[in-house]
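Single-structure report; data block below.
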Amino acid sequence: MQVKIEVSPEHTPPRAVIYTDRITPEIQRAMDILQAKDAPVLAERSGRTFLLAGQDIYMVRVVDGETKLYTKKEEFRTRKRLYELLDQLGGGFMQISRSCAVNLSYAESVEAGFGGSLLLKMKNGLSDYVSRKYLPDLKNYLGL
């Protein structure tokens, strides 16, 4: 990929334009990085409120109507809905089922699952199934 940067006072605010004939995994990763948002996520654990950086979150799950955030070793709760978190966390996260989204930076492996789905395993030991609805996006991201 060729990269060109122009620095000039007339380029305010900064913007990025990518010229391509198709979206490749390389282009998708560049878009994800450029669209990443840095706002911390408010989360609760043991009666305390924490500010979590997006890069510290491995997985987001909705369990019994409650949104849970998983980091490397801990579990937190948040009042936000899954779609709100996906919007806030930006392109590094991908929804893999109706109730789960993952930080693709921490994906470790995929295994064949039931009914055409895949089991996505994370580096912190968590895993969840990728439903058929979200499977094409994940395969595209992985270049499969």
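Taking segment 41-66 on its own, how many of its residues are in contact with a helix residue (DSSP H, G or I) (Cβ under 6 Å, 6 or more places away or on another chain) and among the hydroxyl-bearing types (Ser, Thr, Tyr)? Break it down into steps so the answer makes sense when it comes.
Narrowing segment 41-66 to residues in contact with a helix residue (DSSP H, G or I) (Cβ under 6 Å, 6 or more places away or on another chain): 54, 58, 60, 62.
Keeping just the survivors that are among the hydroxyl-bearing types (Ser, Thr, Tyr) gives 58.
Final tally of qualifying residues: 1.
Of all residues in segment 39-87, which are polar (S, T, N, Q) and buried (at least 17 other Cβ atoms within 10 Å of the Cβ)?
Thr67, Thr71, Thr78
Only one of these conditions is not met by Val62: (1) more than 18 Å from Tyr134 (Cβ to Cβ); (2) part of a strand (DSSP E or B); (3) touching a residue at least 24 places away in the same chain (Cβ under 8 Å). Which number is it?
Every condition holds for Val62 apart from (1).
Whether any residue in segment 12-21 is aromatic (Phe, Trp, Tyr), part of a loop (DSSP other than H, G, I, E, B) and surrounded by fewer than 17 Cβ atoms within 10 Å (Cβ to Cβ) is what I want to check. Spell out the reasoning first.
Filtering segment 12-21 for residues aromatic (Phe, Trp, Tyr) gives 19.
Those left that are additionally part of a loop (DSSP other than H, G, I, E, B): 19.
The next check asks that each one be surrounded by fewer than 17 Cβ atoms within 10 Å (Cβ to Cβ); those that pass are 19.
Yes, the conditions are met somewhere in segment 12-21.
Could you please find all residues in segment 86-126 being in a loop (DSSP other than H, G, I, E, B) and either modelled with pLDDT of 90 or more or among the hydroxyl-bearing types (Ser, Thr, Tyr) (or both)?
Passing the criteria: Arg98, Ser99, Ser117, Lys123, Asn124, Gly125, Leu126.
Taking the options Tyr134, Tyr141, Tyr106, Tyr129, name whichever one is in contact with a Phe, Trp or Tyr (Cβ under 7 Å, 6 or more places away or on another chain) and surrounded by 15 or more Cβ atoms within 10 Å (Cβ to Cβ).
Of the residues listed, the single one that is in contact with a Phe, Trp or Tyr (Cβ under 7 Å, 6 or more places away or on another chain) and surrounded by 15 or more Cβ atoms within 10 Å (Cβ to Cβ) is Tyr106.
Checking the condition at pLDDT 90 or above and among the aliphatic types (A, V, I, L, M), which residue from Leu69, Leu34 passes? Walk me through how you get there before you give the answer.
Values: Leu34 fails: at pLDDT 90 or above.
Criteria check complete, one pass: Leu69.
(1) within 21 Å of Ala30 (Cα to Cα); (2) within 12 Å of the chain's Cα centre (by Cα): which one isn't true of Cys100, the others all being true?
The failed condition is (1).
Quick one: Phe50 ticks every box in (1) under 23 Å from Arg29 (Cβ atoms); (2) part of a strand (DSSP E or B) bar one, so which box is it?
(1)
From (1) over 25 Å from Leu135 (Cα atoms); (2) of a type in the set (A, V, I, L, M); (3) surrounded by 16 or more Cβ atoms within 10 Å (Cβ to Cβ); (4) touching a helix residue (DSSP H, G or I) at 6+ places or on another chain (Cβ under 7 Å), pick out the condition that doesn't hold for Met94.
(1)
The values are calculated or read from the model by the stated rules, or taken from the named source; none is laboratory data. Note that the structure is predicted; figures quoted are calculated from it, not measured. When we count neighbours, we look across all protein chains shown, and the Cβ atoms used for this are built from the backbone with ideal geometry, even at glycine.
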